[in-house]
1. Does at least one position in the stretch 66-74 carry a residue that is modelled with pLDDT under 95 and in contact with a strand residue (DSSP E or B) (Cβ under 8 Å, 6 or more places away or on another chain)?
2. Do any strands (runs of 3 or more DSSP E) entirely within the stretch 40-120 hold 2 or more residues that are open to solvent by less than 40 Å² (accessible area, probe 1.4 Å), and if so, which?
3. Taking T33, is it among the hydroxyl-bearing types (S, T, Y), in a strand (DSSP E or B) and touching a Cys at 6+ places or on another chain (Cβ under 9 Å)?
4. Which pairs have Cβ atoms under 6 Å, sit 6 or more apart or on different chains, and link a residue in the stretch 105-121 that is more than 19 Å from R50 (Cα to Cα) to one that is assigned to a loop (DSSP other than H, G, I, E, B) and open to solvent by less than 70 Å² (accessible area, probe 1.4 Å)?
Amino acid sequence: MPTHTHRADPLVVNAALAVPLSLPYPVDMQKATFFVSGRVQGVGFRWWVRSRALELGLAGFARNLYDGRVEVCAQGDRAAIEYLGELLRTRYSEHGRPGRVTNVVMQWGTPRAGLKGFREY
């Protein structure tokens, strides 16, 4: 039986049963939620976020919050999520981004199994 070496990913082998324990999503899958403040509602911001997320191969959603912010949940490759965060943080309308962003708060979370596509709410 091969020896288990320490790995950074969450795959674990139960030595007693010699059965790999699996997750309902790929090991390298990441998820982040962004809360974007500024003039981001009613200006096409969610549509722009959806377009960028799909170009980056991300799944998730963008939705308006009652307090004027937009919540963006993105799941996929970590580098793609981080790049989306950079695009969101750009204060000016670079890359054709509508609206005006004043602040972005990001939280890493646990990926959700079966999340596909990117929606606007």
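1. Applying the first criterion (modelled with pLDDT under 95) to the stretch 66-74 yields none.
The answer is no, given that none of the residues of the stretch 66-74 is modelled with pLDDT under 95 and in contact with a strand residue (DSSP E or B) (Cβ under 8 Å, 6 or more places away or on another chain).
2. Working: elements: 59-64, 70-76, 100-109, 118-120.
In the stretch 40-120, the matching strands (runs of 3 or more DSSP E) lie at 59-64, 70-76, 100-109.
3. yes
4. Cβ pairs passing all conditions: A113/Y25.
The values are calculated or read from the model by the stated rules, or taken from the named source; none is laboratory data. Worth saying up front: this structure is predicted, and the values here are computed from it rather than measured. Virtual Cβ from ideal backbone geometry, glycine too; neighbours counted across all protein chains shown. Accessible surface areas use protein heavy atoms only, side chains included; no ligands, DNA or RNA. Shrake-Rupley method; radii C 1.70, N 1.55, O 1.52, S 1.80 Å.
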